[in-house]
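A short write-up of the structure that comes next.
Coordinate-derived values only; no laboratory data. What you are looking at is a predicted structure, and each value in this text was computed from that prediction instead of being measured. Methodologically, a virtual Cβ is constructed for each residue, glycine included, from the backbone with ideal geometry; neighbour enumeration extends over all protein chains shown.
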Amino acid sequence: MKILEGLRVIDAGQFNAGPIASLYLAGYGADVVKVERPGGEDSRAIGPFRGGESSYFMSLNRGKRSITVNLKSSGGVGVFKRLARGTDILIENYMPGVMDRLGVGWEALHAENPRLIYGAVSGFGTEGAGSARPAFDSLLQAAGGLISVTGPVGGPPVRVGVSIVDITSGLFLLSGILSALWRRERTGEGCRVDASMLASTVNILENPVARHSFTGDVPVPEGLSHPVVSPFSGYRTRDGLIFVAISNTKRYRVLVEALGRADLAADPRFAENRERVENDGALREVLEDILKERTTAEWEAFLIPKGVTVSAINDVAQVKERFPEAFVEVDHPAAGPALLPGSPVVFGDGELDFSRPAPSVGQHTGEILAELGYPPGEIEELGESGAV
């Protein structure tokens, strides 16, 4: 049995932060209904494209069913409310107040279904002056301080190369929703769950925030290096870089012994992590003199079996080739096959499925309306009126 089989979810989200939460719910077995405006959700217009399908939309909306609903019409609002009556979870990531103005916000839907768990992602929270500001991942990377610690030492500001705030906000929302499900099991009542992109960014900054709170120093970009652990960085080899991640003195001793330099464990400059951080430049020079003798691949083949925590800095193509178990093939009827991320979570006895393709616009509209009890004639009228 699938872990979340029997749960129904409305995904009224767009782009990333909302849809990624419902992606996991779908993969875990929930029936996720993607509610799109007529013409489709805006992320369908983001490329690259294949077979007329958006890679962006396809990645985040696998395993869902699509219904088009015009929430600017009374008929569409009626359809949405009827759908909500039999739904366990709703997810949206519009600006605060938008769903209320459409007549399908928390208060309206809670009146229709007191057991509904209403999950929302906002940019700057639901209260205060910032709540009215539009929000995008890179904007929150800037506003929340993430860009200030990202990039090369002394270099220009750099955004993280993925939508890390969107993804993290969606996963925090997912955590809250699953907690609310357990609460509902005990109380019978649904609730509203809000996740703030700004607060999510601050939580990503856990270590820089803690260091600043302790020292008053403002963290800055460190490039590949860790600011408080050494050796923990990319080091030059004969043909490139290898990442060495040494978390404690025991692992440091394993490293230097494998390199044939056990004497470095007794060197007072490098004896413990505090000394290694203070003398990081000198330690880098010693290590790179050794590491430049072989290629990155040769060092991986030699060091990893000895228990040394190192890795090549792989690109996406190399990750797919070297770690295929982290991916799943999704065969879309229009776009064809694509290798996309699988589930990072595995349940001991629960079936997961992240291989189902994303739906076409409104693909399941008639099917879902029939499930809601609309007769064929009324379904046709809803279509003709522009409600769906």
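Put +1 on the Cβ of every Lys and Arg and -1 on every Asp and Glu Cβ in the chain; which of F232, G350, A265 then has its Cα farthest towards the positive end of the dipole?
Selected residue: A265.
Please state the shape class of region 192-250: rounded when a/c is under 1.5, otherwise prolate if a/b exceeds b/c and oblate if not, all from the C-alpha gyration tensor.
Here region 192-250 falls in the prolate category.
What does the convex hull of the Cα atoms of region 232-314 come to per residue, in Å³, rounded to a whole number?
Taking the convex hull of the Cα positions in region 232-314, it is 79 Å³ per residue.
Net charge around A301, counting only other residues with Cβ within less than 15 Å of its Cβ (Lys, Arg = +1; Asp, Glu = -1)?
Residues close to A301 contribute a combined charge of 0.
Gap in Å between the Cα centre of region 27-72 and the Cα centre of region 192-250?
Between the Cα centres of region 192-250 and region 27-72 lies a distance of 35 Å.
How much length is gained on full extension from E185 to R274, taking 0.36 nm per residue of separation minus their Cα-Cα distance?
27.2 nm is the gain from fully extending E185 to R274.
What distance in nm separates the two pseudo spin-label positions at V218 and V158, each 7 Å out from Cα along the beta-carbon direction?
2.1
Under 8 Å for C-alpha pairs, at least 6 residues apart: give me the relative contact order for the chain, rounded to a whole percent.
20
Against the longest principal axis of the chain, how steep is helix 164-187, in degrees 0 to 90 to the nearest 10, with axes from Cα atoms?
Approximately 60 degrees, to the nearest 10.
Compute the separation of the alpha-carbon centres of region 99-119 and region 338-388 and state it in Å as a whole number.
21
Pairing the Cα long axis of helix 376-385 with the longest principal axis of the chain, what angle in degrees results, from 0 to 90 and rounded to the nearest 10?
70
What is the dipole size for the chain, taken about its Cα centre, with +1 at each Lys and Arg Cβ and -1 at each Asp and Glu Cβ, in debye to the nearest 20?
My answer is approximately 380 debye.
Taking 25 Å as R0, compute the FRET efficiency from the Cβ-Cβ separation of D263 and I304 and round it to 0.05.
Calculated value: 0.60.
Could you please report the charge total around P268, scoring K, R as +1 and D, E as -1 over all other residues with beta-carbon less than 13 angstrom from its beta-carbon?
-2
Label V202 and A129 with points 7 Å out from Cα along Cα→Cβ: what is the distance between them in nm?
A separation of 1.6 nm, rounded to one decimal place.
Cα centroid distance between region 308-336 and region 155-181, in Å?
The distance from the Cα centre of region 308-336 to that of region 155-181 comes to 21 Å.
Set the bar at 19 Å for Cα to Cα. Now go through K34/K320; K34/K72; K250/K306; K34/K81 and name every pair that lies beyond it.
From K34/K320; K34/K72; K250/K306; K34/K81, over 19 Å: K34/K320.
Give me the percent of Cα-Cα pairs in region 115-195 that sit more than 22 Å apart, rounded to a whole number.
Distances greater than 22 Å cover 40 percent of the Cα pairs.
With a ≥ b ≥ c taken as the square roots of the eigenvalues of the C-alpha gyration tensor of region 1-143, please select rounded if a/c is under 1.5 and otherwise prolate if a/b is larger than b/c or oblate if it is not?
Rounded, since a/c falls under 1.5.
Kirkwood Rh and Cα-based Rg: tell me the resulting Rg over Rh for the chain, rounded to two decimals.
Computed over Cα atoms, the ratio is 1.06.
Any chance you could give the angle, 0 to 90 degrees and rounded to 10, that helix 280-291 forms with the longest Cα principal axis of the chain?
It is inclined by approximately 80 degrees.
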